[in-house]
1. Filter the range 36-71 for residues that are without any contact (Cβ under 8 Å) to a residue 60 or more places away in the chain and of a type in the set (Asp, Glu); which is nearest to Leu120 (Cα to Cα)?
2. Condition first: surrounded by 24 or more Cβ atoms within 10 Å (Cβ to Cβ) and of a type in the set (Asp, Glu). Now tell me which residues in the range 62-77 satisfy that.
3. Is it true that Leu66 is at pLDDT 95 or above, under 19 Å from Asn134 (Cβ atoms), in contact with a helix residue (DSSP H, G or I) (Cβ under 9 Å, 6 or more places away or on another chain) and of a type in the set (A, V, I, L, M, F, W, C)?
4. Taking the condition of being touching a residue at least 24 places away in the same chain (Cβ under 8 Å), part of a helix (DSSP H, G or I), charged (D, E, K, R) and surrounded by fewer than 19 Cβ atoms within 10 Å (Cβ to Cβ), how many residues in the range 126-176 meet it?
5. Restricting attention to the range 41-57, and to residues there that are more than 16 Å from Val139 (Cα to Cα) and either out of contact with any Phe, Trp or Tyr (no Cβ under 7 Å at 6 or more places or on another chain) or acidic (Asp, Glu) (or both), which single residue is modelled with the highest pLDDT?
6. Is it true that some residue in the range 79-89 is surrounded by fewer than 24 Cβ atoms within 10 Å (Cβ to Cβ), in contact (Cβ under 8 Å) with a residue 24 or more places away in the chain and aliphatic (A, V, I, L, M)?
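The values are calculated or read from the model by the stated rules, or taken from the named source; none is laboratory data. For clarity, every value in this text was computed on a predicted model and none was experimentally measured. Glycine also receives a Cβ, built like all others from the backbone with ideal geometry; neighbour counts cover every protein chain displayed.
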Amino acid sequence: MNSGKNLDKSAQMTIDEYSLTAILYDNCLTPLLKAFRTDIRTLIQHRGHRRVLDICCGTGDQLRLLESGTLELAGIDNSEAMLARARKNCGEHTTLELADATQLDFPAGHFDCAILSFALHDKHPTQRDLIFSNARKVVAQGGSLIVTDYSKDPSGFIGFLLGDILIPVVERLAGRDHYLNYLSWQRNGGIEAFLQQRSDSVDIISRRFGGSVFCCAVAIDDDIKTYQKHLALLHKSFSPSE
């Protein structure tokens, strides 16, 4: 795999829906996701992963947090505007590439870990399946596919405030198609339903924002039928001390 943070594909994406919002995303939403980013970093450290791919990496905040000199980091996104921000946020040894997550060309099993952080809810269902399938393929056996996305509708006042008011407003500002795909994601049961339909081994490592969002780790294992516990486990966050 090539290195250097300025590596882009020559073929440009047709429409960059984030051309006007990349800076806003970096300045306003990134701070809200810090807790998730930290949990993901801790999980990667806990499991000793070394070669990590951030799929739909956005402005590169997760990659920046992972930079330590000991990890081989790569990020892809189909938005040049997002990657422009990522180049400013990441160090020179992090590889950034303009690419479509539905058409990954990395070798099978090349990475110890792949990250899908808020990379599914805004996509058409067919695209979600392709992205998830491609992410699985590039992770080696025994590795992890870490997924962070919106949960099913939460309960309680905080859950109502976020899940029924704040998050829908943010998603609506991202554009019509983005918003319609988000509504479809929520209507179909959020990340719980998406993962349960795929019968993968799932450990929840973080549940925040009144239960409206969580992060989970999907282990890439030969015998996924042995894992039937799914999403009822480990309602806690990893901390650096664990």
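1. Applying the filter and picking the extreme gives Asp61.
2. Scanning the range 62-77 gives a single hit, Asp77.
3. Values: at pLDDT 95 or above: yes; under 19 Å from Asn134 (Cβ atoms): no; in contact with a helix residue (DSSP H, G or I) (Cβ under 9 Å, 6 or more places away or on another chain): yes; of a type in the set (A, V, I, L, M, F, W, C): yes.
Against the criterion (at pLDDT 95 or above, under 19 Å from Asn134 (Cβ atoms), in contact with a helix residue (DSSP H, G or I) (Cβ under 9 Å, 6 or more places away or on another chain) and of a type in the set (A, V, I, L, M, F, W, C)), Leu66 does not qualify.
4. 2
5. Cys57
6. yes
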